[in-house]
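In what follows, a structure is listed as structure tokens, so that the remarks can point back to it.
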Amino acid sequence: MSAAIQLRIPLTALLAGILPALAAQSTARGDLWETTSQATMAMGGITMPMAPQTVKLCTSKTWTRPPDAPNQGMSCRTSDFVRDGQKVTWTSVCTGQMNMTGKGEIIFNGTDSYSGSVKYATAEGSMTVMLSGRKSGECDNPIN
């Protein structure tokens, strides 16, 4: 058997294994959510509501963690994510501009919307982030 034929067989086998995986990865479909969050901070007896923020997020069709909104200056790690029917709960530990721990809860209203909150504790006080989301279609390359 010539060297060209010997190389073609393993290369063909390798490509046969890689190409379907790459095709599946590039065609992954997710759900496009329009998510709104509004934080209220309580520090030293003063309550400070912040402006709501709305972002579009492409999530996997089956959530394994809450959707991550872009958050500059913060890094959050999610654990204890549990889905029980229409309710999901989780805990978060965030570091960066402000270290904090939180507990979140989202209730799905059918398959196309949700509402919930995350309650954080910091050394300086507390913060509650109200969440709402509405599915607006499908998207490519989900983030979670």
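Quick notes
- For residue 113, the residues whose amide H sits under 5 Å from its own are 135, ignoring neighbours fewer than 5 places away on the same chain, with H placed 1.01 Å from N.
- Couplings 3J(HN,Hα) for segment 113-130, derived from phi with the Karplus relation 6.51 cos²θ - 1.76 cosθ + 1.60 (θ = phi - 60°), are 7, 8, 8, x, 7, 10, 10, 9, 10, 10, 5, 8, x, 10, 9, 10, 10, 7 Hz, where x marks Gly and Pro.
- For segment 29-140, the Kirkwood estimate of the hydrodynamic radius, built from every pair of different alpha carbons, is 14.6 Å.
- Each of residue 135 and residue 54 was given a label point 7 Å from its Cα along the Cα-to-Cβ line. The distance between the two points is 2.0 nm.
Values in this text are rule-based calculations from the coordinates and carry no lab data. Just so it is clear, the structure is predicted and the values come from calculations on it, not from any experiment. When we count neighbours, we look across all protein chains shown, and the Cβ atoms used for this are built from the backbone with ideal geometry, even at glycine.
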